[in-house]
Amino acid sequence: MTQKIDPLKKMNWFDRIAHPGQFLKWSGYLILPLAILSAILFGVGLWFAFFNSPEDYQMGNTVRIMYIHVPNAWLSQLVYVMMAVSAIGTLVWRHPLADVSMKVAAPLGAAFTTMALFTGMLWGRPTWGTYWEWDGRMTATLILLLMYLGIIALWRSFDDQLRAAKLIAIITLVGVINIPIIKFSVDWWNTLHQPSIVSTEGLSMPASIYTPLLIMTFAFTVLFALLQTNATRTEILRRKADRQLRKSLNKENG
Amino acid sequence: MKAFLSILLRDIKLATSSFGDMLTLVLFFIMIGVIVPIAIGPDKDLLALIAPGVIWIAAFLSSLLALDKMFRQDFDDGSLLAMRHASISFEAIVFAKLIAHWLTSILPLIIATPMLALMLNMNAQILTYTIISLTVGTPALISFGAVGAAITVSLRRGGLIAPVLILPLTLPILIFGVSAIKTGTGVGTQGTALLILGAISLVTVAFTPFASALALKLTQE
Amino acid sequence: MPNKEAYSSQQINVSKLSLIRSERLILSDVNFSVKSGKAIFLRGDNGVGKTSLLMAIAGYLHIGAGEISWRTDNDNEEENSLIDNLHFIAHQTAIKPTLSLKDNLMFWCTLYGGAPEKVIDALKTVGLSHAIDFEAGLLSAGQKKRLSLARLLVANRALWLLDEPTSSLDREGDKLVANLIDNHLERGGIAIIATHLDLNIKNAKTFILTKTNQHGEIA
């Protein structure tokens, strides 16, 4: 007699909504609202950024790069934190959804970090006169990008994605503990070699700059939520398809 | 304690019985000291200026090269499986293997450092600082390496991915290691880099056996 | 020379055990228990989960549902845990080719907290006494298997988990394995053995794992 286990039995509310099958059901309703919200926010934010905020008295129009640069820099760190939280979910509760969210966040994090670096370089050229400055923040962001890329490479190296998830969770957590140390060491190294030529610290912002910056940050964060949800759904479906394929192969063999 | 020592002794015995591996590693380390002057020219002042950085880079690359040895063979032949039922905890075993790895892969490099110092035009004082800096910093280096090696032990191509994975994490060691050579060991601001380096080493050595052991356990599931 | 030290009385219970590996249900609702002095043969087709069951008992696998419990009369808490009371002999031999037979076994003896003087006896028992100081790399596959079985004898552990202990052994080897197990059971030990051979062991039952229902049955 084959025993059927009902996985939804004996679950609390969180396990219920976080169960991959259930997640597929309810997250479907999220995609469209998130897409609309992010489109509106981008529309408003970009309008403010281009037409309703002042030029900087030193940097001129290039200050507007900031409205893209800062949100991406913020997300580059937020995504890593999210990966680390998912990593705890993977290791401690062995939750399948945490695996998936950790996996799909890595390329998104890498993309946001690349954007942050790229816009930083575009901004640096007119402001500092060079594309690349070994400034503390840029260096730390570059290291963060390398960490993302290493994690993506590691995901690609494993055939068994379930085993990969737990191992990658470990390196993700080791990384998150290490990030403050890296930041500290890079700052130390930077002051040792070039007594602060450039500094973005202590910029006081008027509301006319602050408002669009806030809206754009919000817009990018919603965009991340949208992409993350969609990628999670895709990955769950892909794994489902894999399972079906394996099942039918097993049946043919046996 | 006896069990702990038995791991240590066995790993040392195994490493010395494959003496060729050890020799290759030291040769690689020294060759970096040869190719740098050839690549940038024999300007003695310039060499002395970049020597601390070059030595740390050489130590980095050589130790990354040796990483894969740490768990690979024991994983392949089932020793790690059998070690799970030892009379001491698996974390302690990993810690013993870490020490053995340092003694057999890093210590030879530190011993070979004077050769490199000669080629890079270092004076005696800088050489002393270099040896101190390497001794204090390399435990942290191989501790991170152990995590990388443990995570990738089931991968056939693990040899390349582990260094790429852990290199960003080890940059603080490089930064403080090199500045410890430049600023020396004096008390006060002079020795700060060395103190921070020592702190990083202590924390990582205490912490990474748990992470590595966890990774190895999860790999065996 | 048979070892006469007796184990305290113990029992292992596997109840309602389910295992999931790589999203595949390997075993579900496996129930059995073994007492001191008894052995169980695990049988079943390839891929049915014999090795997984042994690995779960040995503590390597995450248990999806159910319980594996270990009961003992011994009050000493340190010696009470299952993980410190078992030997697991896997397919891989855990032998280092560059070390001598004696060094290989001595290492496991120390690591498992056994008495060093047992090493030579153990090598004699498995029939390798003539090669004590040879490098283990010179051994044939069957001899390597014997050396890995010698690990069972250097430290007293009540539960033996043997995964195909007779693989690459000759007939003499099969008899050796049967003798080792018999001796172990006489002293009050327990053995769980995954094998296809009919080893001649008195106090053994057979436990059949099947693919269709993935339940175990005692035959």
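Structure data summary
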item: Checklist (1) open to solvent by 30 Å² or more (accessible area, probe 1.4 Å); (2) within 25 Å of residue B:97 (Cα to Cα) applied to residue B:25, failing item; result: (1)
item: Subset of the stretch A:127-145 [within 18 Å of the chain's Cα centre (by Cα) and either of a type in the set (Ser, Thr, Tyr) or more than 22 Å from residue A:59 (Cβ to Cβ) (or both)]; result: A:140, A:141, A:142, A:143, A:144, A:145
item: Listing of helices (runs of 4 or more DSSP H) fully contained in the stretch C:103-219 that carry 2 or more residues being crowded, with 22+ Cβ neighbours inside 10 Å and within 14 Å of another protein chain (Cβ to nearest Cβ); result: C:141-154
item: Exclusive hit being over 21 Å from residue C:178 (Cα atoms) and either touching a residue at least 60 places away in the same chain (Cβ under 8 Å) or over 15 Å from the mean Cα position of the chain (by Cα) (or both), set C:15, C:52; result: C:15
item: Subset of the stretch A:131-142 [outside any loop (DSSP other than H, G, I, E, B) and either open to solvent by 40 Å² or more (accessible area, probe 1.4 Å) or modelled with pLDDT of 95 or more (or both)]; result: A:137, A:142
item: Single residue of C:57, C:40, C:63 found to be open to solvent by 20 Å² or more (accessible area, probe 1.4 Å) and among the β-branched types (Val, Ile, Thr); result: C:63
item: Filter result (assigned to a strand (DSSP E or B) and either crowded, with 20+ Cβ neighbours inside 10 Å or touching a Gly at 6+ places or on another chain (Cβ under 9 Å) (or both)) within the stretch C:77-102; result: C:86, C:87, C:88, C:89
item: The stretch B:78-102: number of residues that are farther than 18 Å from residue C:155 by Cβ and open to solvent by 20 Å² or more (accessible area, probe 1.4 Å); result: 4
item: Any chance residue A:181 is surrounded by fewer than 18 Cβ atoms within 10 Å (Cβ to Cβ) and either aliphatic (A, V, I, L, M) or closer than 15 Å to residue A:87 by Cβ (or both); result: no
item: Filter result for the condition that a residue is open to solvent by less than 10 Å² (accessible area, probe 1.4 Å), more than 11 Å from every other protein chain (Cβ to nearest Cβ) and either within 23 Å of residue A:140 (Cα to Cα) or charged (D, E, K, R) (or both), over B:191, B:177, B:148, B:137; result: B:137
item: Top-ranked residue in the stretch A:146-159 [being surrounded by fewer than 20 Cβ atoms within 10 Å (Cβ to Cβ) and within 17 Å of the chain's Cα centre (by Cα); ranked as nearest to the other protein chains (Cβ to nearest Cβ)]; result: A:146
item: The stretch B:162-174, residues that are farther than 14 Å from residue B:140 by Cβ and either touching a residue at least 60 places away in the same chain (Cβ under 8 Å) or open to solvent by 20 Å² or more (accessible area, probe 1.4 Å) (or both); result: B:162, B:163, B:164
item: Whichever residue in the stretch C:18-45 is free of Cβ contacts under 8 Å to residues at least 60 places away in the same chain and of a type in the set (Gly, Ala, Ser) and, among such residues, is nearest to residue C:187 (Cα to Cα); result: C:33
item: Test set (1) touching a Gly at 6+ places or on another chain (Cβ under 8 Å); (2) polar (S, T, N, Q); (3) surrounded by fewer than 18 Cβ atoms within 10 Å (Cβ to Cβ) - residue A:76 fails condition number; result: (3)
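Residue by residue, here is whether (1) within 13 Å of another protein chain (Cβ to nearest Cβ); (2) free of Cβ contacts under 8 Å to residues at least 12 places away in the same chain; (3) under 10 Å from the mean Cα position of the chain (by Cα); (4) not in a helix (DSSP H, G or I) holds:
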residue	(1), (2), (3), (4)
B:53	yes, no, no, no
B:70	no, no, no, no
B:95	no, no, no, no
B:98	no, no, yes, no
B:103	no, no, yes, no
B:107	no, yes, yes, no
B:114	no, no, no, no
B:118	no, yes, no, no
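The values are calculated or read from the model by the stated rules, or taken from the named source; none is laboratory data. Treat the numbers as computed from the prediction; the structure is a model and nothing was measured. Cβ coordinates were reconstructed from backbone atoms using ideal geometry, including for glycine residues, and neighbour counts include every protein chain displayed. Quick note on the areas: whole protein, heavy atoms, side chains included, nothing else; ligands and nucleic acids left out. Shrake-Rupley method; radii C 1.70, N 1.55, O 1.52, S 1.80 Å.
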